[in-house]
Amino acid sequence: MIQERNAVKKGAQHFKGVGSHALLVTGKHSAVASGAQKDVTDVLDSLGIPYDVFSQVEENPSLDTVEKGAYFGLEKGADFIIGIGGGSPLDASKAISLLMGTKESTGKDLFNKDIPMKGLFLIAIPTTCGTGSEVTPYAILSLHEQKTKKGMSQRLFPNLAFLDATYLESAPPSLIQYTAVDTLGHLLESYINPHASYYSNMCVEYGMGLWAKKKEHLLTGDFTKEDYEHFLTASSMAGMAISHTGTSLPHAMSYYLTYEKGVPHGKAVGTFLASYVKACPDKKWIGKVEKMLGFSSQGEMKDFIERILGRLSIPEVEGLDCAKALLSNHEKLANCPFHLTKEMAVSMYKESLDFVG
Ligand code: NAP
Ligand code: FE
């Protein structure tokens, strides 16, 4: 990982020898708006490396899109991938890398860990400060057949990541707010997690320190260059932490709001964070977390998150169905350190959302 201002241009030599034809994987506007795409294409031009751009990655990318991207890349003869953008293009670039690197594979194989898949060389360049996808092996895709979002079973770490906080400057304040809350989710869900280790906790504690130092600016939406640097670093630290532990209940709970209601990822995750912390029976541990984040009580953290995100409402019947579904999400329950009862699941939804109807 290379992190500094002008990281791409200063690190131009790292693009040498990794392949002969690049596929850039981006969303519709952000790669260009942030200036990241121009930095990359300037470097590729200076090295005489041809490239093509697949710029069709939507928010919460679908399996159909990544299959389309892989087909496009193979047709163009690309042999390495550069993902530029928020978590959506970065996750899509991992899936595309795997599909292109394992030519006989299909999109379904991304969700079958028993099928060996190999990715093409992958460079990741984030333009948001939330997912940490540039340092995680995960990719979350929308599966329209199943009407939900799901993490790929295949794992792929990017080979190289360039972090330049200037790319965050083109983002609207709400995007920084939501993605910084996603980072908070990764930090909390990695810490309150049965798979937490000395190493993941070290990343969490450092990330929480950075986040706490700048958190007041999330209330106003006025960000300095130093704020962007702090939130981007916290995001990568949190990404390294969840690479060890995985995410837990708030991420599982968020997917319905994002898929069915179009709520941005960080906002959907943040909605459930305070109730996850409250449900954790180890109060001493929770006191430590609040202290690291600079909150004097659990109520203060809940209010703080709600001041940034507002509060969402949902028909009661949908909330109760979600609680039922959470109890059968064995993958995410395995990342929760306490036994979740039906009553606890329902009250987590009731505390986090306004039930209507
Ligand atoms: P995103 O979905 O990548 O982007 C959200 C919006 O922000 C898009 O409209 C995007 O534009 C725009 N945008 C991004 N950077 C910008 C910039 N610098 N300036 C202006 N606009 C910008 O947002 P995200 O929250 O980073 O990623 C969310 C996705 O990541 C979800 O699918 C989530 O499930 C996944 N995720 C992955 C992991 C992991 O470990 N891999 C962890 C958590 C979440 P464009 O469409 O033009 O790009
Ligand atoms: Fe997330």
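Conditions (1) in contact with a Gly (Cβ under 7 Å, 6 or more places away or on another chain); (2) open to solvent by 40 Å² or more (accessible area, probe 1.4 Å), marked per residue:
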{"site": "121", "(1), (2)": "yes, yes"}
{"site": "124", "(1), (2)": "yes, no"}
{"site": "132", "(1), (2)": "yes, no"}
{"site": "146", "(1), (2)": "no, yes"}
{"site": "152", "(1), (2)": "no, no"}
{"site": "155", "(1), (2)": "no, yes"}
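Residues of region 123-158 being in a loop (DSSP other than H, G, I, E, B), hydroxyl-bearing (Ser, Thr, Tyr) and within 16 Å of ligand 2 (Cβ to nearest atom), which ones?
127, 128, 131, 136, 138
Tell me the residue from 291, 278 that is surrounded by fewer than 20 Cβ atoms within 10 Å (Cβ to Cβ) and in contact (Cβ under 8 Å) with a residue 60 or more places away in the chain, please.
Among 291, 278, only 278 is surrounded by fewer than 20 Cβ atoms within 10 Å (Cβ to Cβ) and in contact (Cβ under 8 Å) with a residue 60 or more places away in the chain.
Of the residues 159, 193, which single one is surrounded by fewer than 19 Cβ atoms within 10 Å (Cβ to Cβ) and more than 12 Å from ligand 1 (Cβ to nearest atom)?
That would be 159, the only listed residue that is surrounded by fewer than 19 Cβ atoms within 10 Å (Cβ to Cβ) and more than 12 Å from ligand 1 (Cβ to nearest atom).
Quick one: residue 314 ticks every box in (1) open to solvent by 50 Å² or more (accessible area, probe 1.4 Å); (2) in contact (Cβ under 8 Å) with a residue 24 or more places away in the chain bar one, so which box is it?
Failing condition for residue 314: (1).
Does residue 175 satisfy the criteria of being in a helix (DSSP H, G or I), open to solvent by 50 Å² or more (accessible area, probe 1.4 Å) and within 16 Å of ligand 1 (Cβ to nearest atom)?
yes
Okay, residues lined up against (1) under 21 Å from residue 40 (Cβ atoms); (2) within 18 Å of the chain's Cα centre (by Cα):
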| site | (1), (2) |
| --- | --- |
| 160 | yes, yes |
| 186 | no, yes |
| 199 | no, no |
| 204 | no, yes |
| 225 | no, no |
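Residue 199: open to solvent by 10 Å² or more (accessible area, probe 1.4 Å) and within 15 Å of ligand 1 (Cβ to nearest atom), yes or no? Break it down stepwise before answering.
Numbers: open to solvent by 10 Å² or more (accessible area, probe 1.4 Å): yes; within 15 Å of ligand 1 (Cβ to nearest atom): no.
No, not satisfied.
Is it the case that some residue within region 266-273 is away from ligand 1 (no atom under 16 Å from the Cβ), under 19 Å from residue 189 (Cβ atoms) and either open to solvent by less than 10 Å² (accessible area, probe 1.4 Å) or of a type in the set (A, V, I, L, M) (or both)?
no
In region 222-262, which residues are open to solvent by 20 Å² or more (accessible area, probe 1.4 Å) and touching a strand residue (DSSP E or B) at 6+ places or on another chain (Cβ under 8 Å)?
233, 255, 256, 259, 261
Hey, can you tell me all the residues within region 37-94 that are of a type in the set (Gly, Ala, Ser), open to solvent by 10 Å² or more (accessible area, probe 1.4 Å), away from ligand 2 (no atom under 16 Å from the Cβ) and part of a helix (DSSP H, G or I)?
The answer is 46, and nothing else.
Of everything in region 95-122, what is assigned to a helix (DSSP H, G or I), aliphatic (A, V, I, L, M), under 19 Å from residue 140 (Cβ atoms) and touching a strand residue (DSSP E or B) at 6+ places or on another chain (Cβ under 8 Å)? Give them in sequence order.
95, 96, 110
Can you tell me how many residues in region 247-280 are aromatic (Phe, Trp, Tyr), under 18 Å from residue 143 (Cα atoms) and more than 12 Å from ligand 2 (Cβ to nearest atom)?
Keep residues of region 247-280 that are aromatic (Phe, Trp, Tyr), which gives 255-256, 259, 272, 276.
Subset that is under 18 Å from residue 143 (Cα atoms): 255-256, 259.
Narrowing the set further to residues that are more than 12 Å from ligand 2 (Cβ to nearest atom) leaves 256, 259.
Counting residues in region 247-280 that are aromatic (Phe, Trp, Tyr), under 18 Å from residue 143 (Cα atoms) and more than 12 Å from ligand 2 (Cβ to nearest atom) gives 2.
For region 300-330, name all the residues that are touching a Gly at 6+ places or on another chain (Cβ under 8 Å) and in a helix (DSSP H, G or I).
305, 308, 309, 316, 317
Could you please give the count of residues in region 301-311 that are open to solvent by 50 Å² or more (accessible area, probe 1.4 Å) and more than 18 Å from residue 261 (Cβ to Cβ)?
First, the residues of region 301-311 that are open to solvent by 50 Å² or more (accessible area, probe 1.4 Å): 302-303, 306-307, 311.
Retained after the next criterion (residues that are more than 18 Å from residue 261 (Cβ to Cβ)): 302-303, 307.
Count: 3.
Please give the number of the condition residue 202 fails out of (1) without any contact (Cβ under 8 Å) to a residue 12 or more places away in the chain; (2) of a type outside the set (S, T, N, Q); (3) in contact with a Phe, Trp or Tyr (Cβ under 6 Å, 6 or more places away or on another chain).
(3)
If you check 328, 347, which single one turns out to be out of contact with any helix residue (DSSP H, G or I) (no Cβ under 8 Å at 6 or more places or on another chain), open to solvent by 40 Å² or more (accessible area, probe 1.4 Å) and small (Gly, Ala, Ser)?
Just a single option satisfies the conditions, and that option is 328.
Scan region 11-30 and report the pairs whose first residue is open to solvent by 20 Å² or more (accessible area, probe 1.4 Å) and modelled with pLDDT of 95 or more and whose second residue is within 12 Å of ligand 1 (Cβ to nearest atom) and β-branched (Val, Ile, Thr), with Cβ atoms within less than 9 Å and a gap of 6+ or a chain change.
28/57; 30/84; 30/127; 30/128
The values are calculated or read from the model by the stated rules, or taken from the named source; none is laboratory data. As the structure is a computational prediction, the values presented were derived from the model and not from experiment. Note: ideal-geometry Cβ built from the backbone for every residue, glycine included; neighbour counts use all protein chains shown. Accessible surface areas use protein heavy atoms only, side chains included; no ligands, DNA or RNA. Shrake-Rupley method; radii C 1.70, N 1.55, O 1.52, S 1.80 Å.
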